[in-house]
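J.: Got a structure for you, written out below as structure tokens; questions coming shortly.
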Amino acid sequence: MFEQTFKNIDDILHKDAGCGSELDYVEQTSWILFLKYLDDLEKDKATAAELTGKIYTPIIETAYQWNVWATPKDNEGKLDHHKALTGDDLADFVNIQLFPYLKKFKTSAESADTLEYKIGEIFSELKNRVQSGYNLREVINRIDELRFRTHAEKHEMSHLYEDKIKNMGNAGRNGGEYYTPRPLIKTIVKVVAPEIGQKIYDGAVGSAGFLVEAFEYLKSPTLNLPEGDGRRKELSTKDWATLQKNTFYGKEKKSLAYIIGTMNMILHGVEAPNIVHTNTLAENLADIQEKDRYDVILANPPFGGKERAEVQQNFPIKTGETASLFLQHFIKILKAGGKAGIVIKNTFLSNTDNASVSLRKLLLENCNLHTVLDLPAGTFTGAGVKTVVLFFEKGAPTQKVWFYQLNLERNLGKTNALSEKDLADFVELQKTKTESENSWSIDVQTQDLASQQYDLSAKNPNKKEETALRQPQEILAAMKALDDESAEILNSILELI
């Protein structure tokens with residue numbers, strides 16, 4: 001139901017002068033989808049209140065409710081074409097009345113941790129780019145066909161919304177930086193294993209993939225039951241409130257990513273995500289206090305971007321490499337005993353510039369870098385960089401690092417993406433840090449890493465040497481030698497005859 005609807009909407013937006021790329025399609029589909037989702041959410045809350053004898057007061061005033069402005073219905077439950085706005089009337093209502101009304105929620109909401117405040121924030125950042133009111137009418141009609149009432153419907157919709165975000169990676173304008181492959185995120189969450197009650201943070205939140213997967217992981221923990229037992233531990237009301245209000249935190253610099261991330265969390269069931277629109281790196285590390293720290297950090301900070309000199313002044317180790325500044329931020333803002341899973345360029349392990357050497361020294365001396373996952377090229381579609389995942393705990397120096405090199409028998413790409421199955425061996429071996437053909441350990445204490453510039457290059461000593469392929473000239477020379485030998489034997493036989 002959702003998949004075909006999303007495709008139809010993309011086709012409609014493709015015709016509109018205001019929407020030029022997949023990023024625009026995602027952005028514009030998002031706000032309309034969000035308002036329909038909000039309408040269904042309010043209906044669910046009204047029904048729940050009615051069952052307990054209470055009265056529910058809707059967040060949205062009557063004139064701005066979905067079934068009044070977007071899809072007024074007749075007695076048969078079909079769209080009332082006499083009341084439904086379209087063309088310039090619809091575009092004017094959305095731009096001049098609806099968006100300004102929704103923006104006001106940011107100032108009228110009781111506090112920042114409410115759904116009302118998040119609605120205000122979203123519509124303060126967004127604008128309607130669909131220029132044709134007729135195209136907008138078509139999109140609204142399509143989205144009105146969708147239902148978000150049952151768990152299965154919500155799950156399908158959130159899954160397909162993730163797919164739309166993934167497509168942003170192929171849309172240019174740095175769309176790919178918003179998307180980390182879901183199998184990789186799920187694996188990182190599984191290895192870090194957060195618990196309810198811990199504060200989870202992503203300072204480069206993007207589309208909020210890490211927070212969404214951490215939420216999915218925490219809301220359905222398995223009991224300590226035999227393998228294959230499908231029972232689930234039901235969350236208490238207190239646990240659910242903790243997940244909703246005091247668990248997930250994020251910061252995002254870019255407007256579109258911030259909006260998509262916030263909506264992604266809400267569409268997955270976290271009503272008022274603690275995501276802030278700010279430049280994480282503008283925060284001075286010296287100002288971070290104990291109250292600001294987090295128990296778990298899950299992140300894939302942007303690579304390469306050069307930060308301004310004044311931003312670099314916030315960090316003890318000066319560098320223009322964005323990912324290196326983020327890593328300093330993460331180490332500082334992690335609580336003692338806290339756990340982290342961070343994606344970073346693999347060159348971090350061996351770069352010889354002063355900043356990289358100092359950063360590796362800082363990491364090894366302040367944290368226990370217990371696991372490094374070395375990923376193959378092509379893990380990130382469209383990105384030419386190779387990456388590693390650093391798993392560490394803060395509070396004690398590193399004694400031993402366990403490395404796992406993911407060697408696949410195929411090249412990864414757009415049509416051949418990474419899967420959870422590819423990472424299953426890593427997850428299993430990581431529990432005991434077992435050595436194998438793809439995994440090995442280095443003892444930091446017995447090696448004089450200081451004299452080696454704290455080099456942590458992922459050089460697998462257990463990988464079987466592959467036979468080097470011969471050059472074409474070498475093969476042709478061998479063939480010629482065999483031909484000459486055959487000719488000599490034939491001549492010898494002829495002479496005997």
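What follows draws every value from the coordinates through simple rules; no lab data is involved. Since the model is a prediction, treat every value here as computed from it, not as a measurement. Methodologically, a virtual Cβ is constructed for each residue, glycine included, from the backbone with ideal geometry; neighbour enumeration extends over all protein chains shown.
J.: How long are the three semi-axes of the equivalent ellipsoid for region 2-150, computed from the Cα gyration tensor as the root of 5 times each eigenvalue, in whole Å, largest first?
T.: They are 25, 19, 15 Å, listed largest first.
J.: Now for a different question. Do any of 118/199; 36/190; 106/254; 15/164; 36/154 go past 22 Å between their Cα atoms, and which?
T.: Cα-Cα > 22 Å for 36/190; rest within.
J.: Under 12 Å from the Cα of residue 414, which aspartates and glutamates turn up, not counting those fewer than eight places away in the same chain?
T.: Leaving aside aspartates and glutamates fewer than 8 places away in the same chain, none come within reach of residue 414.
J.: What's the magnitude of the charge dipole for the chain around its Cα centre, counting Lys and Arg as +1 and Asp and Glu as -1 at the beta-carbon? Answer in Debye, nearest 20.
T.: Computed about the Cα centre, the dipole is about 1360 debye.
J.: Another question about this same structure. Under Stokes-Einstein, with the Kirkwood radius over Cα pairs standing in for Rh, what whole-number D in µm²/s applies to region 69-168 at 4 °C and 1.567 mPa s?
T.: For these conditions, the coefficient is 83 µm²/s.
J.: Let me ask something additional. Go through 354, 404, 323 and say which Cα lies farthest out towards the positive end of the charge dipole of region 279-414; charges sit on Cβ, +1 for Lys and Arg, -1 for Asp and Glu.
T.: Going by the charge dipole, the pick is 404.
J.: Quick one: 3J(HN,Hα) in Hz for region 270-286, Karplus 6.51/-1.76/1.60 with θ = phi - 60°, rounded, Gly and Pro as x.
T.: Once θ is set to phi - 60°, the couplings for region 270-286 become 9, 5, 9, x, 7, 10, 10, 8, 7, 8, 3, 6, 6, 7, 6, 4, 5 Hz.
J.: Using modelled amide H (1.01 Å from N, peptide plane; none on Pro or chain starts), what sits under 5 Å from the amide H of residue 80, excluding residues fewer than 5 places away?
T.: 73, 74
J.: So if each residue of separation counts as 0.36 nm, and I subtract the Cα-Cα distance between residue 385 and residue 407, what length gain in nm does that give?
T.: Answer, rounded to one decimal: 6.3 nm.
J.: Of all DSSP beta bridges located in the chain, what percent are antiparallel, nearest 5?
T.: Of those bridges, close to 55 percent are antiparallel.
J.: Please return the longest range in the chain lying between exposed loop sites, taking GluC sites (Glu not before Pro), DSSP loop only, at most 15 other beta-carbon atoms within 10 Å, and leaving the sites out.
T.: Free of exposed loop sites, the longest segment is 272-408.
J.: Which one, (i) 255; (ii) 142; (iii) 165, gives volume of the Cα convex hull per residue in Å³ as derived from the coordinates shown?
T.: Given (i) 255; (ii) 142; (iii) 165, the structure-derived one carries the label (i).
J.: Could I ask something else about it? Roughly how far apart, in whole Å, are the Cα centres of region 349-416 and region 27-81?
T.: Going from one Cα centre to the other spans 47 Å.
J.: Rounding to the nearest 10 and keeping the result within 0 to 90°, find how far the Cα-based axis of helix 182-192 lies from the longest principal axis of the chain.
T.: Once rounded, one gets 80 degrees.
J.: When the Karplus curve 6.51 cos²θ - 1.76 cosθ + 1.60 is applied with θ = phi - 60°, which whole-Hz ³J(HN,Hα) does each residue of region 99-104 get, with x for Gly and Pro?
T.: Per-residue couplings from phi come out as 4, x, 4, 5, 4, 4 Hz.
J.: If I fit a long axis through the Cα atoms of helix 2-14 and take the longest principal axis of the Cα atoms of the chain, what angle between them do I get, 0 to 90°, rounded to 10?
T.: 80 degrees
J.: While we're on this one: Within region 29-85, report the chymotrypsin sites (Phe, Trp or Tyr not before Pro) that DSSP leaves as loop and that have at most 16 other Cβ atoms within 10 Å.
T.: 56
J.: Under a straight-distance cross-link criterion of Cα-Cα below 20 Å, which lysines are reachable from residue 318, leaving out those fewer than 8 residues away in the same chain?
T.: 306, 332, 345, 361
J.: With point charges of +1 on the Cβ of Lys and Arg and -1 on the Cβ of Asp and Glu, referenced to the Cα centre of region 2-150, which listed residue (119, 68, 57) lies farthest in the positive direction of the dipole?
T.: 57
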